[in-house]
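Accompanying notes for the structure given below.
The values are calculated or read from the model by the stated rules, or taken from the named source; none is laboratory data. Quick caveat: nothing in here was measured; it's all calculated off a predicted structure. All Cβ positions, glycine included, derive from the backbone under ideal geometry; neighbour counts span all protein chains shown. To get the accessible areas, we keep the full protein, side chains included, count just its heavy atoms, and leave off ligands, DNA and RNA. Shrake-Rupley method; radii C 1.70, N 1.55, O 1.52, S 1.80 Å.
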There are 2 protein chains.
Amino acid sequence: MKLVHTVAELREEVAIAKSQGLSIGLVPTMGALHEGHASLIKAANQENDFVVVSVFVNPTQFGPNEDLDAYPRTLEADCKLAEKMGANVVFAPSPAEMYPSVDATWVEVTGDVTKVLCGRTRPIHFRGVTTVVTKLFNLAQPDRAYFGQKDAQQVEVLKRMVKDLFFNLQLRIMPIVREADGLAKSSRNTYLSAEEHTAALILSRSLQAAKEQYATGERDAAKICAAVTASIKSEPMANIDYVEIYGLPELTPVTNPMVGSNLLAVAVKFGTTRLIDNVVLEDK
Amino acid sequence: MKLVHTVAELREEVAIAKSQGLSIGLVPTMGALHEGHASLIKAANQENDFVVVSVFVNPTQFGPNEDLDAYPRTLEADCKLAEKMGANVVFAPSPAEMYPSVDATWVEVTGDVTKVLCGRTRPIHFRGVTTVVTKLFNLAQPDRAYFGQKDAQQVEVLKRMVKDLFFNLQLRIMPIVREADGLAKSSRNTYLSAEEHTAALILSRSLQAAKEQYATGERDAAKICAAVTASIKSEPMANIDYVEIYGLPELTPVTNPMVGSNLLAVAVKFGTTRLIDNVVLEDK
């Protein structure tokens, strides 16, 4: 496996792979790789001849009061895991390498899909995501790109971007990977104290209960949200940002009664750490 | 030559060309093809195995009071010219085909390059251009894309976009093609009455004079602009939008004295028709 830091080096690796007719899988990450990322790289390796993993803590998707500086950076361990899971190249550029101009060129998905949920409190977040993912798509020219369902809103935003801008690739969305205790894997879990970690288990428990509520026939989104909210509030350390349900795809307003596929998404702070989790509610 | 109207058809043509290892040249146009466009298609044909010409009057680059509805549409003649100049495919999609979602995904270059000159009076214009060109790049996957120096600001904006988003292609910029009388070729020239056409010749004459002024050693941008402004104002039908000089690339503020490469650009209305023209001032 090769570790490269510059756009020129990545382009060379990709050009060689392309010239050999290899299919390319891209796994964009912000590093601090965990088993969730590992599952993406593994899938990319199974479905493509050549796998590029990017490790880039993208500054433009962090708000002014967010955790850009604190975000864990573990490149050496990331490379080991990426290699183990079958990556051919790890691309770990500097911010200057990814943003070569003083002023930016932005790629921005508009509409409800970027305004609701995390878009409300993180107004520039998805613009940063779609901009950097566009850059990575153009550099790696993947046949398939891998993202986790954990970032459910990001998934819907990227689907819209790929559809609108006609990117010639397939988005592959992989299921949430959880700790044995149910906590959704996240690079930000390392911020949690042992006590906060235990408290945060309320998220997966509440979402699981909502899934069961839905399975027994509940189709009133307000009732499901109320139950999840009450359950999370039973944990004193939890500080709710949102508990909401939106229609899939594209996070349209949920209907009453709920029909089709809907996303139940939560964002909750434990101490200074903001965690997100979600479950898709749909008929089997 | 094939005329296709859908994204799916274009993708198929491109996929076939790619599978045969052909290099692809893309000529994005809004139709109403004239000799300027012909020179682009000809160059694309000389430098690539497979040439895609897009003909799409892109609604998102027109302001609310601009000439979207009036813009000339001459698809049949465009196809004939494109074929004659060596195009393999003409792609003439509908707006709904190019903008498949209710809300848009925008690609926007920020900074002075989009704010000065035409950007001042046409605030959404370049966002529309960069968005549609991104879509066309992703669909046609060209090795080279062809644009005319006539739209000098567009050229600088697209250079920035390609640089910032890492499009894997070469921008090929072709010289302005002029009528025998000096008027820069433009699809909008068809709007001009015979009298307005004659009046509009003041543009190329004034720019040519500025070039000579520069050649004789004038390096004061304000003086050159003043001379061009006075010359254009000598034509009673001319209504000046701007006469300005900016540094190249990226339309930075011009220095005094002028150094390097600078763009002298004008936008002037004759009746209701707004024409642009330009000349690059640089040492030989």
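So here's what we get for this one:
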{"read-out": "Residues of region A:245-284 classified as closer than 16 Å to A:Ala215 by Cα and among the small types (Gly, Ala, Ser), total", "value": "2"}
{"read-out": "Test: residue in region A:130-153 that is more than 24 Å from A:Val7 (Cβ to Cβ), of a type outside the set (Ser, Thr, Tyr), touching a helix residue (DSSP H, G or I) at 6+ places or on another chain (Cβ under 9 Å) and open to solvent by less than 30 Å² (accessible area, probe 1.4 Å)", "value": "yes"}
{"read-out": "Checking A:Gln208 against (1) part of a strand (DSSP E or B); (2) open to solvent by 40 Å² or more (accessible area, probe 1.4 Å); (3) of a type in the set (S, T, N, Q), the condition it does not meet", "value": "(1)"}
{"read-out": "Members of region B:235-265 found to be among the aliphatic types (A, V, I, L, M) and at negative phi, listed by number", "value": "B:Met237, B:Ala238, B:Ile240, B:Val243, B:Ile245, B:Leu248, B:Val254, B:Met258, B:Val259, B:Leu263, B:Leu264, B:Ala265"}
{"read-out": "Hits in region A:105-156 - residues which are among the hydrophobic types (A, V, I, L, M, F, W, C) and farther than 16 Å from A:Thr29 by Cα", "value": "A:Trp106, A:Val107, A:Val109, A:Val113, A:Val116, A:Leu117, A:Cys118, A:Ile124"}
{"read-out": "Any hit, region A:139-156, residues being under 12 Å from the mean Cα position of the chain (by Cα), more than 14 Å from every other protein chain (Cβ to nearest Cβ) and of a type in the set (Val, Ile, Thr)", "value": "yes"}
{"read-out": "Matching residues, region A:93-125, being buried (at least 24 other Cβ atoms within 10 Å of the Cβ) and more than 8 Å from chain B (Cβ to nearest Cβ)", "value": "A:Thr114, A:Leu117"}
{"read-out": "Selection count where residues are of a type outside the set (S, T, N, Q), touching a strand residue (DSSP E or B) at 6+ places or on another chain (Cβ under 9 Å) and surrounded by 18 or more Cβ atoms within 10 Å (Cβ to Cβ), scope region A:43-74", "value": "8"}
{"read-out": "Residues (more than 14 Å from chain B (Cβ to nearest Cβ) and open to solvent by less than 40 Å² (accessible area, probe 1.4 Å)) located in region A:82-92", "value": "A:Ala82, A:Met85, A:Gly86, A:Ala87, A:Val89, A:Val90, A:Ala92"}
{"read-out": "Only one of A:Ala180, A:Ala199 that is assigned by TED's automatic domain parsing to the domain that holds A:Phe270 and not β-branched (Val, Ile, Thr)", "value": "A:Ala199"}
{"read-out": "Subset of region B:13-28 (residues that are open to solvent by 10 Å² or more (accessible area, probe 1.4 Å) and either more than 18 Å from A:Ser23 (Cα to Cα) or touching an Asp or Glu at 6+ places or on another chain (Cβ under 7 Å) (or both))", "value": "B:Glu13, B:Leu22, B:Ser23, B:Pro28"}
{"read-out": "Any chance A:Ala194 is open to solvent by less than 20 Å² (accessible area, probe 1.4 Å) and modelled with pLDDT of 95 or more", "value": "no"}
{"read-out": "Residue in region B:162-179 that is open to solvent by 20 Å² or more (accessible area, probe 1.4 Å) and touching a His at 6+ places or on another chain (Cβ under 8 Å) present", "value": "yes"}
{"read-out": "The lone exception for B:Val228 - which of (1) in a helix (DSSP H, G or I); (2) within 14 Å of chain A (Cβ to nearest Cβ) it fails", "value": "(2)"}
{"read-out": "A:Lys159 being within 13 Å of chain B (Cβ to nearest Cβ), open to solvent by 10 Å² or more (accessible area, probe 1.4 Å) and over 26 Å from B:Lys163 (Cβ atoms)", "value": "yes"}
{"read-out": "So B:Gly21, is it over 26 Å from B:Gln149 (Cα atoms), part of a loop (DSSP other than H, G, I, E, B) and not hydrophobic (A, V, I, L, M, F, W, C)", "value": "yes"}
{"read-out": "Candidates A:Ala44, A:Ala87, A:Ala17, A:Ala92 - the one that is touching a residue at least 60 places away in the same chain (Cβ under 8 Å), on the phi < 0 side of the Ramachandran plot and in contact with a His (Cβ under 9 Å, 6 or more places away or on another chain)", "value": "A:Ala92"}
{"read-out": "Answer from B:Thr74, B:Thr131 - the residue that is closer than 30 Å to A:Val102 by Cβ, out of contact with any Leu (no Cβ under 7 Å at 6 or more places or on another chain) and of a type in the set (S, T, N, Q)", "value": "B:Thr131"}
{"read-out": "Subset of region A:231-278 (residues that are basic (Lys, Arg) and assigned to a strand (DSSP E or B))", "value": "A:Lys269, A:Arg274"}
{"read-out": "Residue count, region B:241-280 (criterion: farther than 20 Å from B:Val155 by Cβ, of a type in the set (D, E, K, R) and open to solvent by less than 10 Å² (accessible area, probe 1.4 Å))", "value": "0"}
